Amino acid sequence: MRRLPTLSALLPALVLAATALVALPSAALDVKPVTVARGLQNPWGLAFLPDGRMLVTERPGRMRIVERDGTLGAPLAGLPPVVASGQGGLLDVAVDPQFADNRLVYWSYSEPATDGNGNSTAVARGRLDGNRLADVQVIFRQQPKVASSHHFGSRLVFAPDGRLFVTLGDRFSRKDDAQTLDNHHGKVVRIEPDGKVPADNPFVGRAGALPEIWSYGHRNIQGAAIHPTTGALWTTEHGPQGGDELNLTEAGKNYGWPVITYGRNYGTGTRIGEGTERADVAAPLRHWVPTSIAPSGMAFVTSDRYPGWKGSVLIGALRAQALVRLSLDGHRVTGEERLLTNLNARIRDVRQGPDGWIYLLTDSPDGQIVRLER
């Protein structure tokens, strides 16, 4: 009698088949990258001002205004001290929804402890006044601070109701903290624009839980965007060796890290945690195995400039050095396309500009702002 193959023998083929179901062919569109600005040192975050100019952060600790013609302004004055080490530095930037009235700009960064013992992700805001940020206030500090140069997060996204989402890494050495609610490691937090806690946050009033927390069980989220139709928060996070995730990030939910994950230990490839799914853990909408793409900034396409792309989500990939386009049917990923693979650049951020074009940041010592044209 012929022996049937065991489940363990079938597993690689099953994984390959599942991946193939997602990696469907999609309508090709001839696009080309056009350099808008260059000479930026490891640019990290990009935001548009109402007049079409751009704010861009550089990880060593500078924020600049970039004119519409690509001219780089001098670094803005007024930023607080930044720990620019490892993955830390000046990170994301966001413009207040009411900027025309209040001129407020928000940014995330790695903040040193006052006693010099450790650091953590913080969020500050200030009023843009010419070439400086005035009336600067720190509105959020990740707790506790630890001595680490890894996994700071961090994206800033304003929800339709005006609340601010902040994505936070697990700090690498503190990954187990992602499963407990008494700290901000491996969490998404939701705050008011002034840093106060919204009364309807999911863990408000729970003993032992920090009230800012929106969701938990994350590793290192470096991509976040609001769905243009539903208003829901979508995020991308880095797995270790494989296991990168795209998530619909909802209030109060556990996303598993480091107990439930598709990722593997670096080098050895051994299993992490208990497995890949559990009833009380939210499953990713898409995950990447066995090789990480290292997802970073992301944006939904609402523009008519790219026929066939409307409703897609675009994700910058650092390790894969590509722009990943996922076609969607509701929450279901129906296809994947990798673009700009010949650009040979780590794509750090992705934004749709007010002109409808897609803009990218390339992460290098001579980083660029790139516009994706047809």
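The values are calculated or read from the model by the stated rules, or taken from the named source; none is laboratory data. What you see is a predicted model; the values in this text were computed from it and never measured. We place every Cβ from the backbone using ideal geometry, glycine too, and count neighbours over all the protein chains shown. For the accessible areas, the whole protein counts, side chains as well, though only heavy atoms, and no ligand, DNA or RNA atoms are used. Shrake-Rupley method; radii C 1.70, N 1.55, O 1.52, S 1.80 Å.
Computed values, structure above
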quantity: Selection count, the range 283-314, where residues are among the hydrophobic types (A, V, I, L, M, F, W, C) and either over 30 Å from Leu372 (Cβ atoms) or part of a strand (DSSP E or B) (or both); calculated: 7
quantity: Matching residues in the range 24-48 - criterion: being at pLDDT below 95 and open to solvent by less than 50 Å² (accessible area, probe 1.4 Å); calculated: Ser26, Leu29, Val31
quantity: Test result for Ile213, over 19 Å from Phe300 (Cα atoms), surrounded by 17 or more Cβ atoms within 10 Å (Cβ to Cβ) and within 19 Å of the chain's Cα centre (by Cα); calculated: yes
quantity: Search result, residues across the range 328-358 that are in a strand (DSSP E or B) and open to solvent by less than 10 Å² (accessible area, probe 1.4 Å); calculated: Gly335, Ile347, Asp349, Val350, Ile358
quantity: Those strands (runs of 3 or more DSSP E) lying entirely in the range 206-282 with at least 3 residues without any contact (Cβ under 8 Å) to a residue 60 or more places away in the chain, in contact with a strand residue (DSSP E or B) (Cβ under 9 Å, 6 or more places away or on another chain) and not charged (D, E, K, R); calculated: 213-216
quantity: Close pairs (7 angstrom Cβ cut-off, 6 or more residues apart or separate chains): at positive phi in the range 172-196, in a loop (DSSP other than H, G, I, E, B) and among the polar types (S, T, N, Q) anywhere; calculated: Phe172/Ser148
quantity: Residue match in the range 49-59 (condition: over 24 Å from the mean Cα position of the chain (by Cα) and either buried (at least 21 other Cβ atoms within 10 Å of the Cβ) or within 16 Å of Gly353 (Cα to Cα) (or both)); calculated: yes
quantity: Condition broken by Arg325, with the remaining ones in (1) at pLDDT 95 or above; (2) open to solvent by 20 Å² or more (accessible area, probe 1.4 Å) satisfied; calculated: (2)
quantity: Condition broken by Gly89, with the remaining ones in (1) closer than 18 Å to Trp357 by Cβ; (2) in contact with a Ser or Thr (Cβ under 9 Å, 6 or more places away or on another chain) satisfied; calculated: (1)
quantity: Filtered residue count, the range 345-364, keeping only those that are touching a Gly at 6+ places or on another chain (Cβ under 8 Å) and of a type in the set (Val, Ile, Thr); calculated: 2
quantity: Residue pairs meeting the criteria (Cβ under 7 Å; at least 6 apart or on separate chains; first open to solvent by less than 10 Å² (accessible area, probe 1.4 Å), in the range 117-131; second basic (Lys, Arg) and in a strand (DSSP E or B)); calculated: Ser120/Arg141; Ala122/Arg141
quantity: Complete set of residues in the range 132-147 that are open to solvent by less than 20 Å² (accessible area, probe 1.4 Å) and of a type in the set (Gly, Ala, Ser); calculated: Ala134
quantity: Failed criterion for Gly195 (all others in (1) closer than 19 Å to Val157 by Cα; (2) among the small types (Gly, Ala, Ser); (3) open to solvent by 50 Å² or more (accessible area, probe 1.4 Å) hold); calculated: (3)
quantity: Long-range neighbours under 6 Å by Cβ, at least six apart or interchain, first residue within 18 Å of Thr230 (Cα to Cα) within the range 310-337, second of a type in the set (Asp, Glu); calculated: Leu326/Glu336
quantity: Residue within the range 295-303 that is of a type in the set (Phe, Trp, Tyr), within 24 Å of His185 (Cβ to Cβ) and either open to solvent by 40 Å² or more (accessible area, probe 1.4 Å) or within 18 Å of the chain's Cα centre (by Cα) (or both) present; calculated: no
quantity: Test result for Glu245, crowded, with 19+ Cβ neighbours inside 10 Å, within 30 Å of Pro97 (Cα to Cα), touching an Asp or Glu at 6+ places or on another chain (Cβ under 7 Å) and among the charged types (D, E, K, R); calculated: yes
quantity: Residue in the range 152-161 that is within 12 Å of Lys187 (Cβ to Cβ) and either open to solvent by less than 10 Å² (accessible area, probe 1.4 Å) or at pLDDT below 95 (or both) present; calculated: yes
quantity: Conditions (1) in contact with a helix residue (DSSP H, G or I) (Cβ under 9 Å, 6 or more places away or on another chain); (2) under 24 Å from Arg59 (Cα atoms): number failed by Asn183; calculated: (2)
quantity: Qualifying residue in the range 78-87 (condition: closer than 17 Å to Gln142 by Cα, within 16 Å of the chain's Cα centre (by Cα), at pLDDT 95 or above and open to solvent by less than 40 Å² (accessible area, probe 1.4 Å)); calculated: no
quantity: So Pro60, is it in a loop (DSSP other than H, G, I, E, B) and more than 23 Å from Asn220 (Cβ to Cβ); calculated: no
